[in-house]
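What follows is a single structure, written as structure tokens, with notes after it.
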Amino acid sequence: MILCANPKAQYFSYKEEIDCAINNVLENGRYILGEEVSLFENEFAGYIGAKYGIGVANGTEALRIALIATGIGEGDEVITVSHTAVATVSAIEQTGAVPVFVDIDSKYYTIDPSKILKVVSNRTKAIIPVHLYGQPADMEPILEIAKRYSLKVIEDSAQAHGALYKNRRTGSMGDAGCFSFYPTKNLGAIGDGGMVVTNDEELANKVRLLREYGWKERYVSHYSGWNTRLDEIQAAILRVKLKYLDSDNKKRVRTAKLYNTILCNNGIIIPAQRKDSQHVYHLYVIRTQNRERLIQHLKSNGVQAAVHYPLPVHLQPAYKKFANDYLKATERVANEILSLPIYPELSREEIELVVNTIKEFKA
């Protein structure tokens, strides 16, 4: 079976270095918030183009803690999309704030900036643009709106490690950028992990306190904080993989280009890349009106495909209370999208098997 994502294959790509990094942590004896976390925070923030990085337990926590650190709380409204991982919305709700959904651009699948002004109110305090599938959101108009209405911008960059928007890394443009290091991400741990990056020293200091009980000094809480720390072993693994992130992203781009070339005349909508941006293809997402039959056809030929995501957040039972009537593109796209296998270790032979299987499909 050709998997849709394969973090195990990446482990074997860098097995010797990863095993050595893990062993060094074990022998060092400092397992929580030690040198590996500190070094990784600095290295990753530098890679993104931010001054500060604060490692946390996962990507959802990165979003939640960034929102709270920027002053978002009970009754505030945060504008975002429904076409995203539920984590984006879960993080908003955990702060006591209210998610306000706007529609996506049906070509690029990211937030449509032209729809934001329609929902801005005197309770709006922040915007969370989601850089989805490796595609940067259109940040320039979002930042202009945020400046005009004094809104915070928290970038959900969980699926866009290394992506570029007008020569700037995603995560470096808003008040804070939030990343997940879930194993299938472009930069993935072997377990959970996340990070908040920012250029704001005061914000960075508050995030750093909030991730560990609000402590400035041990056992003395200056804020009501949490236990949401990135551990040493995951940081050590991520330091190894960070060295290869750009080259691994290039492999994803090559795979996407090969898919594009072969599938472009096959009655399938292939991914578009936003002008002046670099898509890093965390996922390679096509659109077809025959999705369920195509999924079964691929599966019967040894190819795993997936749907990211089959049910928009506003249609899920827990979040229907936040639904509105302005999400037509979101609902239409959700019925047609399909993620094909893509990861750096995918071979040309496997790619050709995927596309030949699709070409054999009779709609």
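Residue-wise test of (1) part of a strand (DSSP E or B); (2) of a type in the set (Gly, Ala, Ser).
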site	(1), (2)
Gly267	no, yes
Pro271	no, no
Lys275	no, no
His282	no, no
Ile286	yes, no
Leu294	no, no
His297	no, no
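Give the residue that is farthest from Leu117 (Cα to Cα), with candidates limited to residues of segment 142-154 that are open to solvent by 40 Å² or more (accessible area, probe 1.4 Å) and in contact (Cβ under 8 Å) with a residue 12 or more places away in the chain.
Applying the filter and picking the extreme gives Lys152.
Assigned to a loop (DSSP other than H, G, I, E, B), charged (D, E, K, R) and either surrounded by fewer than 19 Cβ atoms within 10 Å (Cβ to Cβ) or touching a strand residue (DSSP E or B) at 6+ places or on another chain (Cβ under 7 Å) (or both): is that true of Asp246 in this structure? No, not satisfied. Residue count for segment 251-275 satisfying the condition of being closer than 24 Å to Lys185 by Cβ, over 20 Å from the mean Cα position of the chain (by Cα) and open to solvent by 70 Å² or more (accessible area, probe 1.4 Å): 2.
Give the residue, chosen from Tyr309, Tyr284, Tyr259, that is under 30 Å from Val98 (Cβ atoms), touching a residue at least 24 places away in the same chain (Cβ under 8 Å) and of a type in the set (Phe, Trp, Tyr). Testing whether each residue is under 30 Å from Val98 (Cβ atoms), touching a residue at least 24 places away in the same chain (Cβ under 8 Å) and of a type in the set (Phe, Trp, Tyr) leaves just Tyr309. Residues in segment 276-296 that are open to solvent by 40 Å² or more (accessible area, probe 1.4 Å) and either touching a Pro at 6+ places or on another chain (Cβ under 9 Å) or farther than 21 Å from Gln159 by Cβ (or both): Gln278, Gln289, Asn290, Glu292, Arg293, Gln296. Would you pick out the residues in segment 179-218 that are part of a strand (DSSP E or B), of a type outside the set (Phe, Trp, Tyr) and touching a residue at least 12 places away in the same chain (Cβ under 8 Å)? Once the filter is applied, which keeps residues that are part of a strand (DSSP E or B), of a type outside the set (Phe, Trp, Tyr) and touching a residue at least 12 places away in the same chain (Cβ under 8 Å), segment 179-218 yields Ser180, Gly194, Met195, Val196, Val197, Thr198, Glu212.
Of the residues making up segment 137-178, those that are part of a strand (DSSP E or B) and in contact with an Asp or Glu (Cβ under 9 Å, 6 or more places away or on another chain) number 9.
The helices (runs of 4 or more DSSP H) located wholly in segment 8-101 that include 1 or more residues which are closer than 27 Å to Arg168 by Cα and open to solvent by 10 Å² or more (accessible area, probe 1.4 Å) occupy 35-48, 59-69, 86-94.
The values are calculated or read from the model by the stated rules, or taken from the named source; none is laboratory data. Everything quoted here is computed from the prediction, not taken from an experiment. Positions of Cβ are backbone-derived with ideal geometry, glycine not excepted, and every protein chain shown enters the neighbour counts. Each accessible area value is taken on the protein alone, full model and side chains, heavy atoms only, with ligands, DNA and RNA left out. Shrake-Rupley method; radii C 1.70, N 1.55, O 1.52, S 1.80 Å.
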